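The values are calculated or read from the model by the stated rules, or taken from the named source; none is laboratory data. Here the structure is a predicted model, which is why all the values come from computation and not from measurement. Cβ sites come from the backbone with ideal geometry, for glycine too, and all protein chains shown count toward neighbours. The protein model used for the area step is the full one, side chains on, heavy atoms only, and it has no ligands, DNA or RNA in it. Shrake-Rupley method; radii C 1.70, N 1.55, O 1.52, S 1.80 Å.
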Amino acid sequence: MPSPTCHPHEAQPDTTACGSAAGHLVATHRCRVLTHHAVNARYRYLRLQADAPVALTTRPGQFYQLKCPVTENDAPFLLRPMSVYGTGPEPDTMEFLYNVTGVGTRALATLTEGASLDIVGPLGNTFTLDTQWQRVMVVARGVGLATMAPLVQRAAAAGLRLTVVMSARSEADLMRDEFLRSPEARALADVHCVFDSDGSSAVAALEPRIRALLAAAPHDAVYTCGSHRLLMLLQRVLAAHPEITGEVAMEQRMACGMGVCLSCVRLFDCDGDKQFLRVCREGPVFAIRDVVGEVDFG
């Protein structure tokens, strides 16, 4: 398989090759904060109105770089990558769901309604989803559900059945309603919730459960996001199901978000050809089977 070809600021058409991207143009947008509030003790919801119809050009799995404000206590230097949680219904609105974990998100959390925020995007590629499929599985953990929520809505709009496995530290952290969102998704979803607090999210407990779910009903695709242990678990499980498409939205620290700085490279095995690919540019969505879990640089 040849190495992916990418061009600055303009990605390639949708494909399922190792590291592909959805065709779009990247731009900087000045946004106004419409809504900003805590969802629970860990996560915050941010809704923006942009200066362009971003909802029409943003696809599930893509992300934006956010310019976090400078505050009295924090002065973020780099833009922060953040997956899109939702778009619309207005053509110029979009939503983010995030966890306050460091300097950037701490500063972001100070934004009030009516404030301005600059964002850059849309960046990255999108998930593969065939609307003629019958059922897909989504395995989401923590804030990784923000990345996969648009995919769930797209699948539900197409009438696909959903097997949803949601993982969280505790029941208080679980955002079931925030993940499914629409009546269509709730009606089509078979939901399974697992937690760190009771041990049900441990790999030893979760792996046989996922195997049983895949054996109980035919699935056309399996998707996940973020968690390395879930990714490796699904890689093992899907080895027994070559007919099932498997995709992961990778989470990686990055600086530029456009493939220039090379700070987000990961190793992938594309049909025996080992390649270092940029998560921001050739991803963030990759085939689960292509990810190399551990890298030994000798």
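One table, with the values for the structure above:
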{"item": "In region 148-177, the residues that are open to solvent by 10 Å² or more (accessible area, probe 1.4 Å) and at pLDDT 95 or above", "result": "P150, Q153, R154, A157, A158, G159, R161"}
{"item": "Residue list for region 182-237, filter: of a type in the set (D, E, K, R) and within 18 Å of L129 (Cα to Cα)", "result": "E184, D220"}
{"item": "Residue list for region 254-283, restricted to those being closer than 23 Å to H241 by Cβ and either in the same structural domain as I244 (by the TED database) or in a loop (DSSP other than H, G, I, E, B) (or both)", "result": "D271, G272, G283"}
{"item": "Any hit, region 234-241, residues being open to solvent by 60 Å² or more (accessible area, probe 1.4 Å), in a helix (DSSP H, G or I) and at pLDDT 95 or above", "result": "yes"}
{"item": "Qualifying residues in region 242-261 (those that are at pLDDT 95 or above and touching a Phe, Trp or Tyr at 6+ places or on another chain (Cβ under 7 Å)) - the one nearest to L145 (Cα to Cα)", "result": "V248"}
{"item": "Residue count, region 125-146 (criterion: at pLDDT 95 or above and closer than 20 Å to R80 by Cβ)", "result": "1"}
{"item": "Which listed residue, of T112, T105, is assigned by the TED database to the domain that holds L56, at pLDDT below 95 and touching a strand residue (DSSP E or B) at 6+ places or on another chain (Cβ under 8 Å)", "result": "T105"}
{"item": "Test for Y85: is it among the aromatic types (F, W, Y) and touching a residue at least 60 places away in the same chain (Cβ under 8 Å)", "result": "yes"}
{"item": "Hits in region 113-147 (condition: open to solvent by 40 Å² or more (accessible area, probe 1.4 Å) and over 29 Å from P53 (Cβ atoms))", "result": "Q134, R135, R141"}
{"item": "Scan of region 29-63 for residues that are of a type in the set (F, W, Y) and either in contact with a His (Cβ under 8 Å, 6 or more places away or on another chain) or open to solvent by 60 Å² or more (accessible area, probe 1.4 Å) (or both), ordered by number", "result": "Y45"}
{"item": "Matching residues, region 242-275, being buried (at least 19 other Cβ atoms within 10 Å of the Cβ) and small (G, A, S)", "result": "G246, A249, G257, G259"}
{"item": "Subset tally (residues that are more than 24 Å from A249 (Cβ to Cβ) and not in a loop (DSSP other than H, G, I, E, B)) for region 67-102", "result": "0"}
{"item": "Helices (runs of 4 or more DSSP H) wholly inside region 155-224 containing at least 2 residues that are over 20 Å from the mean Cα position of the chain (by Cα) and assigned by the TED database to the domain that holds G144", "result": "183-188, 203-216"}
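Let's see how each residue does on (1) at pLDDT 95 or above; (2) closer than 16 Å to A149 by Cβ; (3) touching a strand residue (DSSP E or B) at 6+ places or on another chain (Cβ under 6 Å); (4) not assigned by the TED database to the domain that holds A109:
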{"site": "S20", "(1), (2), (3), (4)": "no, no, no, yes"}
{"site": "R32", "(1), (2), (3), (4)": "yes, no, yes, no"}
{"site": "H36", "(1), (2), (3), (4)": "yes, no, yes, no"}
{"site": "Q49", "(1), (2), (3), (4)": "yes, no, yes, no"}
{"site": "F63", "(1), (2), (3), (4)": "yes, yes, yes, no"}
